[in-house]
Amino acid sequence: MGAAADITIDTARAAEGRPLLALEGVSKRFGKLQALSEISLDFKAGEVHCLLGENGAGKSTLCNLIFGSHAPDTGLMRFQGREWSPSGPAEALQSGIAMVHQHFSVVPRMSVVENLMLGQARGRLRHREQAALIRAMTAKFGLDVNPDAIVGELSVGERQRVEIVKCLMREPRLLVLDEPTAVLPPEEIGALLDIVRRVADDGRAVILVTHKLAEIAKVADRVSVLRGGKLVTSLPMQGTQMGDLVRAMVGREVTSLESALASSLAGIARAEKQGDGPHKYALVCDGITVRDAGGAVRLDNFTLEIAPGEVVGLAGVEGNGQTELGRVLAGLSPPTSGRFFIGEAEMTHASAAQITAQGAGIVPEDRHAVACVTGMSLAENIFLNKLGQFTRFGLLNRTALTEAAKGLMQDYDVRAAGPEIAFGSLSGGNQQKAVLGRELTLDPLVFLLAAQPTRGLDIGAVEAVYRQIRLAASRGVGVLLISSELDELIAASDRILVLYRGKVVGEKPARPDQREAIGALMSGHA
Amino acid sequence: MSTLALPAGLDRNALLKRLLQLAVPLGATAAALVIGLLLIAISGRSVADAIEAFMDGAFGSAFAIGASINRAVALALVGLGFILAFRANLTNVGGEGQIAMGGIAATAMALHGGVASLPLGPAVLLPMLAGCVAGAAWGGAAGYLKVRFGTNEVISTLLLGFIALLLVYWSVQSENLLRQPRTSSSTLPESLPIPEAAQLPALTPFDESPLHIGLAICVVAAIFTAILLSRSTYGLKLRAVGLNELAARRAGMPCNLLLISALAMAGAFGGLAGAIMIQGEQYYLKAGFSSGYGFDGLVVGLLSRGSAIGVLAGALFFGFLRSGGISMEIMAQVPAALTLVIQGLIVIAVAGSVILLEKLETR
């Protein structure tokens with residue numbers, strides 16, 4: 001690969017330069033949590049510096065300190081040789097530090113152009129010139145963004161591309177990317193990493209936060225590993241072994257994700273397909289078609305049958321109809337046409353409550369918007385759809401609720417200080433395990449929809465999530481697994497359908513040797 | 001020794017925190033009062049007279065105290081309704097109109113519902129119930145507009161309130177509605193007095209104080225609200241809908257029903273306040289009888305931070321403030337506008353200290 005060749009050339013040059021940004025003994029504490037302790041690091045111009053670590057290791061906190069969202073408690077930062085203590089992100093942006101956040105800061109009702117003009121335009125708005133500029137920039141970097149699209153109608157992946165363009169347009173000296181690839185499909189990850197490389201070669205510094213090792217191998221000049229708020233190691237990428245990095249990150253020896261996942265899941269018995277359960281099918285979709293408000297077809301004649309105990313993977317780049325399908329199956333918006341059945345009962349126009357009662361567990365792709373109420377407690381969220389079980393004469397039995405929540409926390413390995421803690425304070429992995437536990441303990445449970453269930457989760461949580469999904473399948477639950485992580489889909493599914501521009505463009509068995517064929521289908525090369 | 005020292009230290013910290021929580025709002029209120037007195041002095045009235053008139057009107061006699069508590073009852077009911085709807089993240093600013101609707105319905109029921117001949121219980125309860133239903137309809141209408149058309153409840157409750165105030169005006173102007181028969185050219189545009197059977201029983205002999213059983217009803221309503229919000233599943237569902245409607249819907253909650261019912265309940269409390277105002281003290285309906293209780297009750301609800309006890313405390317405070325203010329106006333000729341300014345200063349002081357304490361806590 002061309003990108004890989006560039007890296008080695010640049011590494012040497014970059015290593016000589018003075019640091020653009022230097023951290024000296026920086027610490028940060030949030031309440032009881034020591035988020036960062038005594039971090040000393042140099043970031044050089046022309047260098048792609050990867051920050052590696054599991055969830056909660058302090059990567060995001062470090063970025064937020066650099067970007068001025070938080071101030072360090074102790075320690076010193078130097079930017080371009082001068083002491084760096086930004087009053088806030090505005091100062092960081094002015095001084096040449098731009099950041100792509102995990103959570104987007106775009107205005108959904110505005111178009112892409114309007115979003116990009118926010119905070120930059122002075123006086124008269126030059127719509128057309130700005131749109132042309134964006135087109136030029138997106139073409140240059142291969143970021144597929146339509147300047148006139150309304151941001152709220154874009155998929156999560158597309159929205160993130162808008163964020164990236166927004167940052168690049170400021171021509172920053174230092175570009176910070178906080179897990180930018182978490183929502184991108186494989187071929188776009190490659191394109192993004194190419195951009196990252198180009199930005200660095202242009203004499204800028206790039207900080208790339210990630211927990212995907214493959215990306216690091218492709219693009220990093222230097223890798224720093226954080227664990228529990230401490231800097232474990234910081235090495236030049238050249239000559240570094242992947243295994244060493246993994247060990248540094250998790251503090252123990254693990255095999256690669258795929259093989260770990262595959263061997264972990266292999267131990268779980270596959271269900272008898274012709275089982276004598278009450279249902280012939282867990283889910284039947286018959287020609288589901290969804291048009292958006294503008295009349296454009298977002299999901300086209302989606303037809304699928306899932307047998308009890310079967311795990312069907314739905315691969316595809318985000319924004320190709322998965323979101324729409326998820327909303328239909330969750331009972332949040334009925335399809336424009338077509339029908340679907342859960343355990344032989346038609347649910348096309350049923351409410352969310354009816355779909356739940358019929359035995360469909362739903363793990364939605366947008367956890368914070370659909371799956372949980374972050375302002376309420378963990379216990380309340382775990383039983384959000386089963387509060388009736390704890391109600392007598394209209395009153396809620398909190399003692400029983402708390403006890404039951406403790407049981408589920410144990411069964412599904414939800415790690416938290418206690419059931420009464422605010423849901424929003426949990427890590428993404430523990431939130432997802434709680435949501436999954438809630439949906440998998442529905443009674444009856446016939447079908448499970450898991451949409452992007454591992455987004456933003458660290459390796460340990462990813463494994464736990466798929467383990468639970470496979471266990472459910474072995475009990476005879478039919479599963480539809482929607483993901484843009486192809487490796488995970490291959491490891492966890494029985495067969496894989498590929499969605500491209502709202503259409504199913506192919507079906508393949510879930511085998512590693514099919515990876516390239518599926519990848520080609522995902523990107524539209526049939 | 002050292003094992004004992006730690007808990008003792010913790011206690012002292014907790015005590016200091018408690019003291020601070022009390023001292024800050026009290027200090028702020030005192031400061032607001034001092035500024036108010038300064039304003040009175042600037043306006044050329046005697047500060048001593050004003051203070052005396054205020055104390056007389058608020059706490060000066062058993063009668064004054066009873067009147068103040070009766071005012072507090074109306075404020076508390078509106079405030080309780082406010083925190084109920086606010087739990088679902090709905091801001092009910094239509095208390096004034098809900099009082100008005102409750103007053104109309106209670107008067108109509110008392111005059112034309114044949115309650116005069118009923119035994120004491122139903123004769124009192126039926127008009128109150130009518131008041132609740134009318135208020136609930138007014139609040140629920142705003143809820144329906146919200147779930148059906150997405151109309152912001154702040155707008156709809158406020159505008160429905162104006163309609164209700166004008167309905168009061170209409171119903172006491174037209175003899176076909178509630179206006180008393182015209183016997184001379186000086187017959188006022190008011191309803192007939194409601195029959196004695198429909199009037200709320202007094203808690204003390206009336207010549208000593210006007211205190212009536214509205215107080216007991218209000219305490220029951222406060223307990224009901226507290227239980228509903230903190231112990232019931234319904235209260236938790238209101239919270240879920242208020243925090244994240246989509247997640248609540250996905251979890252199978254009947255969101256539309258929850259939203260409508262929350263506003264309907266808020267309205268019912270407002271209507272009850274209106275009925276109690278008519279049946280407890282005023283005895284006949286006249287234009288503008290609600291005289292701002294709905295808006296003061298809204299403030300009480302806002303300042304209570306969602307707690308029923310907070311509503312009761314705030315309502316008492318405002319009840320006494322209102323009585324004292326009226327007395328200042330009459331006895332010490334302090335302009336009515338100035339008493340409103342002083343009330344506003346106190347609201348700012350209390351609300352400001354709440355925000356200050358929250359900031360201190362998070363730091």
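The values are calculated or read from the model by the stated rules, or taken from the named source; none is laboratory data. Keep in mind that what you see is a predicted model, and the values were worked out from it rather than measured. Note that we place each Cβ from the backbone using ideal geometry, even for glycine, and neighbour counts take in every protein chain shown. Heavy atoms of the whole protein, side chains included, go into the accessibility calculation; ligands, DNA and RNA do not. Shrake-Rupley method; radii C 1.70, N 1.55, O 1.52, S 1.80 Å.
Any chance you could check the stretch A:374-418 for residues losing 10 Å² or more of accessible area when the partner protein chains are in, compared with the chain on its own (1.4 Å probe)? SASA drop of 10 Å² or more in the stretch A:374-418: A:Gly375, A:Met376, A:Glu380, A:Leu384, A:Asn385, A:Leu387, A:Thr391, A:Gly394, A:Leu395, A:Leu396, A:Arg398. Only Lys, Arg, Asp and Glu carry charge here, each on its Cβ (+1 for the first two, -1 for the last two); on that basis the stretch B:72-306 has a dipole of about 1020 debye about its Cα centre. I'd like the distance between the alpha-carbon centres of the stretch B:214-230 and the stretch A:440-519, rounded to an integer number of Å. Taking the Cα centre of the stretch A:440-519 as reference, the centre of the stretch B:214-230 is 51 Å away. For chain A, the longest principal axis of the Cα atoms and the long axis of helix A:459-474 meet at an angle of about 10 degrees. Buried surface for the A/B pair, taken as the accessible area of each chain alone minus that of the pair with a 1.4 Å probe, is close to 1800 Å² in total. Charged side chains reduced to their Cβ positions (Lys and Arg at +1, Asp and Glu at -1) give the protein assembly as shown a dipole of some 440 debye around its Cα centre. Simple rule: put +1 on each Lys or Arg Cβ and -1 on each Asp or Glu Cβ in chain A, find the dipole, and look at A:Leu440, A:Gly287, A:Pro86; the Cα lying farthest toward the positive end is A:Pro86.
With the Kirkwood sum run over all distinct C-alpha pairs, the protein assembly as shown has a hydrodynamic radius of 31.6 Å.
Averaging Cα coordinates gives a centre for the stretch A:311-365 and one for the stretch A:36-109; these two points are 40 Å apart. Normalised by 2.2 N^0.38 Å, where N is the number of residues, the alpha-carbon radius of gyration of the stretch B:130-288 equals 1.28. Give me the angle, in degrees from 0 to 90, between the Cα long axis of helix A:127-141 and the longest principal axis of the Cα atoms of chain A, rounded to the nearest 10. On a 0 to 90 degree scale, this one is about 90. For chain B, the pair-distance distribution built from all alpha carbon pairs, in bins 20 Å wide starting at 0, is 27, 54, 17, 1, 0 percent. Summarised in one figure, the compactness ratio Rg/Rh of the stretch B:178-263, Cα atoms and Kirkwood Rh, is 1.27.
Normalising the average separation of contacting C-alpha pairs (under 8 angstrom, six or more residues apart) by the number of residues puts the relative contact order of the stretch B:1-158 at 16 percent. Ligands, DNA and RNA left out, the accessible area of the stretch B:72-306 computed with a 1.4 Å probe is 67% carbon and sulfur. Using every pair of distinct Cα positions in the stretch A:306-357, the Kirkwood expression returns a hydrodynamic radius of 12.1 angstrom.
Under the membrane-span-like helix rule (DSSP H runs whose alpha carbons stretch at least 27 Å along the helix axis, mean Kyte-Doolittle hydropathy 1.6 or higher), chain B yields B:62-87, B:153-173, B:255-277, B:336-362. Straight distance only, please: which aspartates and glutamates reach the Cα of A:Lys230 with their own Cα at less than 16 Å, same-chain residues fewer than 8 apart left out? Counting by Cα, and skipping residues close in sequence, A:Lys230 has these aspartates and glutamates nearby: A:Glu24, A:Glu38, A:Asp42, A:Glu54, A:Asp73.
Hey, if you put +1 on the Cβ of every Lys and Arg and -1 on every Asp and Glu Cβ in the stretch B:72-306, which of B:Asn244, B:Ala134, B:Gly94 ends up farthest toward the positive end of that dipole? Going by the charge dipole, the pick is B:Asn244.
Taking the C-alpha atoms only, the angle from helix A:156-168 to the longest principal axis of chain A is near 10 degrees. The heavy atoms of B:Glu361 present about 110 square angstrom of accessible area, all protein chains included, probe 1.4 Å. Cross-link partners of A:Lys406 among aspartates and glutamates, defined as those whose alpha carbon lies under 15 angstrom from its own and excluding same-chain residues fewer than eight positions apart: A:Glu380, A:Glu420.
Given the convex hull of the Cα atoms of chain A, what is a quarter of its surface area in nm²? Seen from a random direction, the Cα hull of chain A projects 25.7 nm² on average.
Taken as Cα centroids, the stretch B:137-161 and the stretch B:271-344 sit 24 Å apart, rounded to the nearest whole angstrom.
The alpha carbon radius of gyration of the stretch B:202-332, expressed as a multiple of 2.2 N^0.38 Å, is 1.27.
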